[in-house]
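> Quick one: the structure is below, questions incoming.
Readers should treat all values here as calculations from the given coordinates under stated rules, not as data from a laboratory. If you're wondering where the values come from, they're calculated on a predicted model, not measured in any experiment. Here Cβ is always computed from backbone atoms with ideal geometry, including for glycine, and neighbour counts include all displayed protein chains.
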Amino acid sequence: MHKFLIALVLLISFSFKSKHQPTCDEMKLFEKASFPVGAAINTDKLKNDEKYGKIVLSQFNSITPEKIMKAQYIHPKKEYFYFTETDHLIAFCKQNKIRLHGHTLVWHKALPVWLENFKGDKNEWEALLKDHIKTIISHCKGYIKSWDVVNEAFNDDGSLRNNIWLKNIGESYIEKAFLFAAEADPTAKFFYNDFSLESNGKKLNAVLAYITNLKSKGIKIDGIGMQMHVSPDYPYLSDINQAAMAMQEAGLLVHYSELDITLSGRHYFFASRSKMLNMQKDRIKSIVEGYMKLNPENRFGITMWGVTDNDSWLTEGNFRARPLLFDLSYKIKPAYCGFIEALENK
Ligand code: 9MR
């Protein structure tokens, strides 16, 4: 009788469990995904905001620092690098087995004042570039194994942006940057990162041609970061998928490096909030499904550009954007479930 009762209890609990379909809020993105799933991290929030930290730890296995590794923060004086914040983040990632992606070594924004005012000839600028890249990579190379080396070097028409680096060093600054990076850590993965590659064929083709040419000269470039600041209806999904495929065909890793889906478009003004949230859900689902059509070895990962709608660069000054997976009160949004659903359709 006793054994019979135990068997009955086991049977009932088994059948209850087998019927229980976990809902998306019971899942974790990185556990479901066959590629790294990341977020851009605000390190102050990571230290001070418990709810924020909980989401990061439970959902993501890759982190890109949103600010602290940009020149302005990490290289505030010519002879001085500030690594304290980076070291904290490295320790956090190491402890929690989270990949840390370095962002970003060469950009025309977030520059320190000393660098913007630097006067020197081409050789001196090149020495500065070398010192900047090699000091940072060498410091971090025990843990950081991938870098956005050059960020946003192209204009929309496919020409090179006339930024501080181009003006002072000339076009060779791009290949020099990748060369210095490889000298500092030949084993790391190096990326070119830019926006609108998913929507602007002219820019995409120019970037691909440029990078393919550098690779053929022996420069180590491993992948492209497609930033993916998109909206629910722009650009076409087919353009996104074709851009990613073109990168794969060029032998490059593909990182959706700064994904967010803004809901602030003027033509959405009269749409209901729930309709917009569902459009966002469908959108992310189809983006992730498209990404999963790439070969597994080309998928470097998908990184959301922020964690909650509170901390997106798009929310600053525009509360309607709501571009991320967690809402203002840190709850999952329909878009989160869209991401999970795509991962389940593998
Ligand atoms: O989201 C970032 C914002 O908080 C910073 O103030 C800004 C300047 O450092 O950079 C933003 O991130 C950018 C990223 O580094 C490169 N691609 C565009 C992103 C949004 O501007």
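> Kindly express, to the nearest 10 degrees and within the range 0 to 90, the angle between helix 2-19's C-alpha long axis and the longest C-alpha principal axis of the chain.
50 degrees
> Using 1/(1 + (r/R0)^6) with R0 = 35 angstrom and r between the beta carbons of L237 and D87, what's the FRET efficiency to the nearest 0.05?
On the way: r = 41 Å, r/R0 = 1.16.
Between L237 and D87 the formula returns 0.30.
> Got a sec? Charge dipole of the chain, +1 on Cβ for Lys and Arg, -1 for Asp and Glu; which of Y143, I287, Q95 is way out at the positive end?
Toward the positive end, the furthest listed residue is Q95.
> Rounded to the nearest 500 deg cm²/dmol, what is the calculated helix-only ellipticity per residue at 222 nm for the chain, with -39500 (n - 2.57) per DSSP H run of length n ≥ 4? Numbers along the way, then the final one.
Values: 14 runs with 154 residues, N = 346.
The helix-only estimate for the chain comes to -13500 deg cm²/dmol at 222 nm.
> So, one more: Can you give the extra length, in nm with one decimal, that the chain gains between K97 and K331 once fully stretched, where that is 0.36 nm per residue apart less the Cα-Cα distance?
Values: separation 234, 0.36 × 234 = 84.24 nm, distance 2.43 nm.
Result: 81.8 nm gained on full extension.
> To continue, here is another question. Per the Kirkwood treatment, what hydrodynamic radius in Å, one decimal, follows for the range 248-294 from the mean inverse distance over all distinct Cα pairs?
Working: mean 1/r = 0.0790 Å⁻¹.
Every distinct Cα pair counted, the radius reaches 12.7 Å.
> A follow-up question, please. Once R0 is set to 41 Å, what does the formula 1/(1 + (r/R0)^6) return for the Cβ-Cβ distance between N278 and K217, expressed as a FRET efficiency to the nearest 0.05?
About 0.30, to the nearest 0.05.
> Which of I133, I219, I68 ends up with the largest GNM mean-square fluctuation for the chain, with Cα atoms connected below 10 Å?
I219
> In the range 245-259, whose amide N lies under 11 Å from the spot 7 Å out along Cα-to-Cβ of K293? List them in ranges.
Flagged as within label range: 245-246.
> If you place +1 on the Cβ of every Lys and Arg, -1 on the Cβ of every Asp and Glu, and leave all else neutral, what size is the dipole of the chain about its Cα centre, to the nearest 20 Debye? List each step's numbers first, then the result.
Working: 45 positive and 40 negative charges, 166 e Å.
The calculation lands at about 800 debye.
> May I ask for the percentage of alpha-carbon pairs in the chain that lie more than 33 Å from each other?
On the way: 18457 of 59685 pairs.
Of all Cα-Cα distances in the chain, 31 percent exceed 33 Å.
> Which of E124, E85, E79 has the fewest other C-beta atoms within 10 Å, and how do the rest follow up to the most? Write down the numbers at each step before the final one.
Details: E124 13, E85 17, E79 7.
Listing E124, E85, E79 from fewest to most nearby Cβ atoms yields E79, E124, E85.
> While we're on this one: When only C-alpha pairs under 8 Å and at least 6 residues apart count, what is the relative contact order of the range 186-331, in percent?
Values: 223 pairs, mean separation 33.2, N = 146.
Once normalised by length, the contact order is 23 percent.
> What is the distance in Å between the Cα centres of the range 272-346 and the range 157-221?
So the separation of the two Cα centres works out to 28 Å.
> Let me ask something else. Only Lys, Arg, Asp and Glu count, each charged at its Cβ (+1, +1, -1, -1), so figure out the dipole size of the range 23-99 about its Cα centre, rounded to 20 debye. Each step should come with its number before you reach the end.
On the way: 13 positive and 10 negative charges, 41 e Å.
Once rounded to the nearest 20, the dipole reads 200 debye.
> Taking a label point 7 Å from the Cα of N205 along the Cα→Cβ vector, which residues of the range 152-181 have an amide N closer than 15 Å to it?
Output list for this probe position: 156-159.
> How high is the relative contact order of the chain, given as a whole-number percent (alpha carbon pairs under 8 Å, six or more residues apart)? List each step's numbers first, then the result.
Values: 582 pairs, mean separation 57.5, N = 346.
Once divided by the residue count of the chain, the mean separation gives 17 percent.
> Among Y336, V106, I74, whose Cα projects farthest towards the positive end of the dipole of the chain, with charges put on the beta-carbon of Lys, Arg (+1) and Asp, Glu (-1)?
With unit charges placed on the Cβ atoms, the residue in question is Y336.
> Sticking with this structure for a sec: Starting with the highest mean, order 306-316, 202-212 by the number of other Cβ atoms within 10 Å, averaged over the residues of each peptide.
Those peptides, ordered most packed to least, come out 306-316, 202-212.
> Going by alpha carbons, how many degrees (0 to 90, nearest 10) lie between the helix axis of 50-59 and the longest principal axis of the chain?
Between the helix axis and the principal axis of the chain, the angle is about 80 degrees.
> Now a separate question. Mind pulling the angle between the C-alpha long axis of helix 84-95 and the longest principal axis of the chain? Nearest 10 degrees, somewhere in 0 to 90.
So the helix axis and the longest Cα principal axis differ by about 40 degrees.
> Still on this structure, I have one more. For the chain, with the dipole built from +1 on Lys and Arg beta-carbon atoms and -1 on Asp and Glu ones, taken about the Cα centre, which of Q248, A206, W125 lies farthest toward the positive end?
Going by the Cα projections, it comes out as Q248.
> If a cysteine in the chain has no other Cys Cβ under 4.7 Å from its own Cβ, put it on the list, ordered by number.
Lone cysteines by the Cβ rule: C93, C140.
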